[in-house]
1. I'd like to verify a number: residues in segment 210-244 that are buried (at least 17 other Cβ atoms within 10 Å of the Cβ), assigned to a strand (DSSP E or B) and touching a Gly at 6+ places or on another chain (Cβ under 8 Å), how many?
2. Please identify the pairs in which a residue from segment 50-74 that is closer than 18 Å to Thr118 by Cβ has its Cβ atom under 6 Å from the Cβ atom of a residue that is among the basic types (Lys, Arg), counting only partners at least 6 apart or on another chain.
3. Within segment 2-14, is there a residue that is within 21 Å of Cys239 (Cα to Cα), out of contact with any strand residue (DSSP E or B) (no Cβ under 7 Å at 6 or more places or on another chain), aromatic (Phe, Trp, Tyr) and touching a residue at least 12 places away in the same chain (Cβ under 8 Å)?
4. Of the residues that make up segment 95-117, is at least one buried (at least 18 other Cβ atoms within 10 Å of the Cβ), under 21 Å from Tyr242 (Cβ atoms), at pLDDT 95 or above and within 15 Å of the chain's Cα centre (by Cα)?
5. Kindly list, by first and then second residue, each pair from a residue in segment 162-178 that is on the phi < 0 side of the Ramachandran plot to a residue that is buried (at least 18 other Cβ atoms within 10 Å of the Cβ) and at pLDDT below 85, limited to pairs with Cβ atoms under 7 Å and residues at least 6 apart or on different chains.
6. Hey, could you check segment 123-146 for residues that are surrounded by 18 or more Cβ atoms within 10 Å (Cβ to Cβ) and charged (D, E, K, R) and say which is farthest from the chain's Cα centre (by Cα)?
7. Quick one: in segment 176-211, of everything that is touching a Lys or Arg at 6+ places or on another chain (Cβ under 6 Å) and hydroxyl-bearing (Ser, Thr, Tyr), which residue is modelled with the lowest pLDDT?
8. Among all residue pairs at least 6 apart or on different chains, which show Cβ distances below 7 Å where the first residue, located in segment 94-112, is farther than 13 Å from Met75 by Cα and the second is modelled with pLDDT of 95 or more and surrounded by fewer than 19 Cβ atoms within 10 Å (Cβ to Cβ)?
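The values are calculated or read from the model by the stated rules, or taken from the named source; none is laboratory data. These figures come from a predicted structure and were not determined experimentally. Please note: Cβ atoms are built from the backbone with ideal geometry, for glycine as well, and neighbour counts cover all protein chains shown.
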Amino acid sequence: MTAYQHDRVVPFDDSRLSKKEQVASMFDDIASRYDFLNRFLSGGIDLWWRKKAIGQLKGVDAREILDVATGTGDMALMTYRRLHPLKVTGIDISEGMLDLGRQKIQDQALDSFIELKTGDSENIPFPDHSFDAVTVAFGVRNFEHLEKGLQEIRRVLRPGGKLVVLEFSKPSGATGKLYQWYMNRVTPALVGLFSKNRKAYTYLNKSIQAFPEGVRFTAVLDKLGYRETSAHALTLGICSIYCGVK
């Protein structure tokens with residue numbers, strides 16, 4: 001199994017915890033501010049990105065959908081509203097994020113259709129061939145072992161099932177320079193106004209820089225046995241949608 005540079009990028013360089021443990025702790029710490037900061041730092045465009053990703057499942061007979069690294073359940077909720085499958089299940093390693101997501105689902109009276117469970121991308125707690133589709137929004141960078149997580153997702157997909165990954169990428173040219181200035185200078189300053197955990201957003205940028213984006217990511221999917229793989233850049237390359245079929 002190949003190790004990737006981003007597998008070794010961790011939130012806290014001085015910690016002895018594993019990447020998985022550090023990521024869970026980090027998201028527990030920022031959970032109460034996570035949704036607000038997402039909307040604030042992206043100007044709300046992250047909602048459009050999610051809609052575009054979910055749109056990749058239109059025309060797919062997806063009755064059972066799994067959302068990996070579901071966080072506070074935004075992707076799970078949006079998937080249900082737009083596609084109306086029989087059920088959406090979300091898994092995440094952060095109990096703090098899940099607690100907030102469960103409250104949102106309860107507030108919208110969608111408990112019968114959306115369930116959030118504690119779960120790890122590398123040990124998904126479901127049998128083989130359990131889901132018609134799997135989504136991962138801004139989560140694959142947090143996998144401790146990229147290939148192992150993607151293999152687990154393929155295992156729980158039914159034959160013909162579709163994976164849709166939404167992830168940050170690195171724009172090039174003048175856009176890339178402006179983006180790096182924003183991520184290196186503006187984002188930490190803005191985060192500091194609302195959160196004491198600046199390291200979480202420093203980690204965000206470091207993990208984006210190290211992630212095997214574009215054709216390098218579809219090559220990983222190809223290697224693991226996915227077919228019909230594709231990559232589609234959004235918003236001048238700031239974000240990308242990746243798809244693959246089992």
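1. Here the count works out to 3.
2. As it stands, the answer is Gly73/Lys104, since those pairs meet every condition given.
3. Scanning segment 2-14 turns up at least one residue that is within 21 Å of Cys239 (Cα to Cα), out of contact with any strand residue (DSSP E or B) (no Cβ under 7 Å at 6 or more places or on another chain), aromatic (Phe, Trp, Tyr) and touching a residue at least 12 places away in the same chain (Cβ under 8 Å).
4. No; the residues of segment 95-117 include none that is buried (at least 18 other Cβ atoms within 10 Å of the Cβ), under 21 Å from Tyr242 (Cβ atoms), at pLDDT 95 or above and within 15 Å of the chain's Cα centre (by Cα).
5. Pro171/Tyr179
6. Asp132
7. Ser195
8. Pairs found: Glu95/Thr118.
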